[in-house]
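The values are calculated or read from the model by the stated rules, or taken from the named source; none is laboratory data. Keep in mind that what you see is a predicted model, and the values were worked out from it rather than measured. Because the Cβ atoms are built from the backbone with ideal geometry, glycine has one as well, and the counts that use them run over all protein chains shown. Side chains included, ligands, DNA and RNA excluded: accessible areas come from the protein's heavy atoms. Shrake-Rupley method; radii C 1.70, N 1.55, O 1.52, S 1.80 Å.
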Amino acid sequence: MVLRRHLPSPSTLFVFEVAARHSNFSKAADELNITQPAVSHAVASLEKHLGEKLFIRSGPNLALTEAGKKLSGVTTRAF
């Protein structure tokens with residue numbers, strides 16, 4: 001078994017870190033110079049890969065789930 005297949009891509013983790021820091025996909029997109037749908041897609045892809053919701057979405061407002069908080073702490077230190 002190849003471990004690499006089980007790890008999320010570094011780019012999705014980076015997008016997640018920025019989105020978590022801003023609690024806003026549009027602000028994350030601005031910082032990363034990509035579109036808001038690209039941020040949303042990357043986060044959704046990461047959530048699917050992990051099998052966990054990372055954000056509670058309520059319109060434009062985002063809040064981290066418990067899993068999101070744990071991952072945010074790790075990604076913030078890593079990046």
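Quick notes on this structure:
- Take the chain with all the other protein chains still there, run a 1.4 Å probe, and you get 67 Å² of accessible area per residue.
- Relative to the current alpha-carbon distance between Leu32 and Ser45, full extension at 0.36 nm per residue lengthens the span by 3.0 nm.
- Ratio of the Cα radius of gyration of the chain to 2.2 N^0.38 Å, where N counts its residues: 1.03
- Placing unit charges on each Cβ (+1 for Lys and Arg, -1 for Asp and Glu) gives the chain a dipole about its Cα centre, and among Ala19, Ile34, Pro8 the Cα reaching farthest toward its positive end belongs to Pro8.
- Compared with the alpha-carbon gap, the fully stretched path from Glu52 to Glu66 is longer by 4.1 nm at 0.36 nm per residue.
- Fraction of accessible area attributable to carbon and sulfur, the chain (%, probe 1.4 Å): 57
- Judged by the mean number of other Cβ atoms found within 10 Å, the most tightly packed of the peptides 14-21, 25-32 leads the ranking 14-21, 25-32.
- Residue-averaged [θ]222 nm for the chain, counting only DSSP H segments that reach four residues, each worth -39500 (n - 2.57): -19500 deg cm²/dmol
- Using alpha-carbon coordinates, inclination of helix 66-78 to the longest axis of the chain, degrees: 80
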